[in-house]
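Peer 1: Dropping a structure here in structure tokens format, bear with me for questions.
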Amino acid sequence: MSAEYFNAQQLFDSLPEQKRNEINSVLLNEKSKRERARREKSNVLLRYDGFSDIEFNPKKSINCQAAAAALYKALVREKQLDSALTSPAKFIKIHNRYKAEPLQTRLL
């Protein structure tokens, strides 16, 4: 008994060219919208000099959104973001240059 799999590429290829172009246009338009929204959110982060994460609990979490936002801003400011994203090893090497201890380690 052989399994049958849905092959989206075969279905797409079987459509008339005009229909494929319409589908590609819609998909690219949506991707473009998401990319613009991502850039706008990223640009908002660059306006701030400090970040806090009131939800972060080091006993329950391994990552802090405030630390990630600060690292993002540092990498952009130092023009290292693209380089840091080329490989995990490169990211770790660059990240270690910008690693800093939190200024506040407990609630007031």
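Quick note: the coordinates plus some simple rules give every number you see, no bench work behind them. In this text the structure is predicted, and so the values were computed from the model without any measurement. Glycine also receives a Cβ, built like all others from the backbone with ideal geometry; neighbour counts cover every protein chain displayed.
Peer 1: For every other residue with a beta carbon closer than 14 angstrom to the beta carbon of Lys33, add +1 if it is Lys or Arg and -1 if Asp or Glu, then tell me the sum. Can you show the working numbers first?
Peer 2: On the way: positive: Lys31, Arg34, Arg36, Arg38, Arg39, Lys41; negative: Glu30, Glu35, Glu40.
My count for the surroundings of Lys33 gives +3.
Peer 1: Shifting gears a bit: Once you've got the Cα coordinates, tell me which of Lys33/Lys60; Lys19/Lys73; Lys19/Lys90; Lys33/Lys73; Lys19/Lys79 are over 32 Å apart.
Peer 2: Numbers: Lys33/Lys60 35 Å; Lys19/Lys73 42 Å; Lys19/Lys90 42 Å; Lys33/Lys73 23 Å; Lys19/Lys79 42 Å.
Violating the 32 Å Cα-Cα cut-off are Lys33/Lys60; Lys19/Lys73; Lys19/Lys90; Lys19/Lys79.
Peer 1: Ok, one more. Given only helices, namely DSSP H runs of n ≥ 4 each adding -39500 (n - 2.57), what is the per-residue ellipticity at 222 nm of the chain, to the nearest 500 deg cm²/dmol? Could you put the intermediate results ahead of the total?
Peer 2: Working: 5 runs with 64 residues, N = 108.
Taking each H run of at least 4 residues, the total per residue is -18500 deg cm²/dmol.
Peer 1: Then there's this: Counting other beta carbons within 10 Å of each Cβ, put Tyr48, Tyr72 in order, fewest first.
Peer 2: Details: Tyr48 10, Tyr72 16.
Placing the least packed residue first, the sequence is Tyr48, Tyr72.
Peer 1: Moving on. The stretch 52-103: D in µm²/s via Stokes-Einstein (Kirkwood Rh, Cα pairs, 37 °C, 0.692 mPa s)? Before the final figure, lay out the partial values.
Peer 2: On the way: Rh = 11.9 Å.
Answer from the Stokes-Einstein relation: 276 µm²/s.
Peer 1: So, one more: Quick one: 3J(HN,Hα) in Hz for the stretch 65-72, Karplus 6.51/-1.76/1.60 with θ = phi - 60°, rounded, Gly and Pro as x.
Peer 2: 4, 5, 5, 5, 5, 5, 5, 4
Peer 1: How tilted is helix 88-98 with respect to the longest principal axis of the chain? Cα atoms for both, answer in degrees (0 to 90, nearest 10).
Peer 2: Once rounded, the angle reads 30 degrees.
Peer 1: Just subtract the alpha-carbon distance of Ile62 and Gln10 from 0.36 nm times their residue separation and send over the number in nm, one decimal.
Peer 2: On the way: separation 52, 0.36 × 52 = 18.72 nm, distance 4.26 nm.
Residue separation times 0.36 nm, minus the Cα-Cα distance, leaves 14.5 nm.
Peer 1: List, in order, the whole-Hz ³J(HN,Hα) value for each residue of the stretch 29-38 obtained from phi through the Karplus relation with A = 6.51, B = -1.76, C = 1.60 and θ = phi - 60°; use x for Gly and Pro.
Peer 2: Calculated HN-Hα couplings, in order: 5, 5, 4, 5, 4, 5, 5, 4, 5, 5 Hz.
Peer 1: Please work out which option in (1) 46; (2) 38; (3) 61 gives percent of Cα pairs over 21 Å apart calculated from these coordinates, and answer with its label.
Peer 2: Here the calculated entry is (3).
Peer 1: Restricting things to alpha carbons, tell me how big the stretch 29-74 is in terms of Rg and Dmax, in Å.
Peer 2: 13.3, 42
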